[in-house]
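The numbers here are math on the coordinates, done by the rules we state, and not lab data. Bear in mind the structure is a predicted one, so any value in this text is a computation, not a measurement. Here Cβ is always computed from backbone atoms with ideal geometry, including for glycine, and neighbour counts include all displayed protein chains.
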Amino acid sequence: MESGKLVCTLLTGVAIGAAIGVLFAPEKGEDLRNKLADLKSDYLTNLKDKISDFTGDLTGKNTPNTGAANQPV
């Protein structure tokens with residue numbers, strides 16, 4: 001299976017599971033919406049941090065400079 005299809009299938013499954021969970025939730029609607037908004041905010045912040053770390057790793061900004069490249073051979 002192609003990795004793009006796998007990711008799409010996984011995200012679809014997560015969305016369906018979340019929808020079913022909301023339908024059968026025992027909480028009041030307003031409380032549940034507030035909790036979901038907080039979770040969304042936390043997940044987005046976490047995702048932004050991970051993307052920033054990943055792109056920093058790709059550009060080499062997060063790796064310490066040992067100075068070995070400037071040493072004569």
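Quick notes on this one:
- Whether segment 4-53 is rounded, prolate or oblate, judged on the alpha carbon gyration tensor where a/c under 1.5 counts as rounded: oblate
- Ala25 paired with Ile51, simple spin-label distance in nm, labels 7 Å along Cα-to-beta-carbon: 2.4 nm
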